[in-house]
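I have placed the structure first, in the form of structure tokens, so that the comments after it can refer back to it.
The values are calculated or read from the model by the stated rules, or taken from the named source; none is laboratory data. Being a predicted model, the structure only gives us computed values, none of them experimental. Here the Cβ positions follow ideal geometry from the backbone for every residue, glycine too, while neighbour counts run over all protein chains shown.
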Amino acid sequence: MFHQIPQAIRDRMAYLEMIDARDRGDGTPKAQRLRQIPPETGRFLAILAASAPPGRVIEIGTSGGYSSLWLSLACRQRGDQLTTFEIDAEKVKRAGETFSLAGVDDVLQLVHADARPHLAGIQPVAFCFLDCEKELYPEVYDLVIPNLASGGFFVADNVLSHQEDLQPFIERALSDPRLDALVVPAGKGVLLGRKL
């Protein structure tokens with residue numbers, strides 16, 4: 001999967017990494033930044049998604065499409081499609097450009113909407129990556145976990161960088177008898193749960 005990443009995907013990843021580094025370095029307001037995962041988290045997500053059981057692959061919080069590109073590698077290997085949700089119009093525009101330039105439109109469905117009204121109808125979920133506004137994490141968790149396939153993965157980003165705000169959510173997931181869960185110190189901290 002990582003040894004044969006098409007050049008168009010590599011080029012777009014490099015472009016998004018450059019924008020992310022520039023925005024973090026020049027003081028661009030947080031709300032206007034891409035706020036994307038680092039490459040090591042992308043690789044981690046791709047391996048998990050490629051290993052997930054049959055079912056739907058979803059992402060909540062597309063931003064510029066960087067994490068989606070990593071997940072597209074797994075979906076291509078799975079013979080599957082990623083459904084990614086983004087509510088911000090500017091980010092949807094940038095993600096659409098990302099997917100077109102990277103040549104991954106065939107394995108991605110970009111939905112410009114709040115994911116929450118759609119989640120009850122998505123099942124079974126094989127893999128879910130959550131990287132949206134942190135106050136929504138508990139609600140999204142409640143919507144996804146009942147539809148998560150046995151052996152399926154639920155992954156939430158930023159649990160160490162936002163640990164103070166997310167501690168009740170983290171503790172809830174770690175004690176949920178439906179999951180085996182742990183916090184992985186990759187990137188800004190990833191909560192990983194596997195449905196029993």
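With buried (at least 24 other Cβ atoms within 10 Å of the Cβ), farther than 22 Å from residue 15 by Cβ and under 15 Å from the mean Cα position of the chain (by Cα) as the only criterion, which of 111, 57 stands out? Don't jump to the end; show me each part of the working.
Working: 111 fails: buried (at least 24 other Cβ atoms within 10 Å of the Cβ).
Result: 57 is the single residue among 111, 57 that is buried (at least 24 other Cβ atoms within 10 Å of the Cβ), farther than 22 Å from residue 15 by Cβ and under 15 Å from the mean Cα position of the chain (by Cα).
Is it the case, given these coordinates, that residue 74 is surrounded by 21 or more Cβ atoms within 10 Å (Cβ to Cβ) and under 18 Å from residue 38 (Cα atoms)?
Details: surrounded by 21 or more Cβ atoms within 10 Å (Cβ to Cβ): yes; under 18 Å from residue 38 (Cα atoms): yes.
Yes, satisfied.
Across region 127-152, what is the total count of residues that are among the aromatic types (Phe, Trp, Tyr) and closer than 19 Å to residue 50 by Cβ? Step through it out loud before you land on a result.
Step one: list which residues in region 127-152 are among the aromatic types (Phe, Trp, Tyr), which gives 127, 129, 137, 141.
Cutting the leftovers down to closer than 19 Å to residue 50 by Cβ gives us 127, 129.
Looking only at that region, the number is 2.
Suppose we filter region 164-183 for residues that are closer than 22 Å to residue 62 by Cβ and either under 17 Å from the mean Cα position of the chain (by Cα) or hydrophobic (A, V, I, L, M, F, W, C) (or both); how many remain? Spell out the reasoning first.
Pass one, region 164-183, residues closer than 22 Å to residue 62 by Cβ: 165-166, 169.
With the extra rule that they be either under 17 Å from the mean Cα position of the chain (by Cα) or hydrophobic (A, V, I, L, M, F, W, C) (or both), the set shrinks to 166, 169.
Total meeting the criteria: 2.
Considering each of 16, 34 in turn, give the residue that is assigned to a loop (DSSP other than H, G, I, E, B) and either more than 27 Å from residue 146 (Cβ to Cβ) or modelled with pLDDT under 95 (or both).
Working: 16 fails: assigned to a loop (DSSP other than H, G, I, E, B).
Unique residue meeting the criteria: 34.
What helices (runs of 4 or more DSSP H), lying completely within region 87-163, carry at least 3 residues that are at pLDDT 95 or above and closer than 12 Å to residue 62 by Cβ? Before the answer, list the steps.
On the way: elements: 89-102, 116-119, 137-144.
Qualifying helices (runs of 4 or more DSSP H): 89-102.
Quick one: would you say residue 119 is more than 24 Å from residue 12 (Cα to Cα), buried (at least 19 other Cβ atoms within 10 Å of the Cβ) and under 14 Å from the mean Cα position of the chain (by Cα)? Reasoning before the result, please.
Details: more than 24 Å from residue 12 (Cα to Cα): yes; buried (at least 19 other Cβ atoms within 10 Å of the Cβ): yes; under 14 Å from the mean Cα position of the chain (by Cα): no.
Criteria not met by residue 119.
For every residue, the table says whether it meets (1) more than 21 Å from residue 155 (Cβ to Cβ); (2) out of contact with any Cys (no Cβ under 7 Å at 6 or more places or on another chain).
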| position | (1), (2) |
| --- | --- |
| 18 | yes, yes |
| 41 | no, yes |
| 58 | no, no |
| 114 | no, yes |
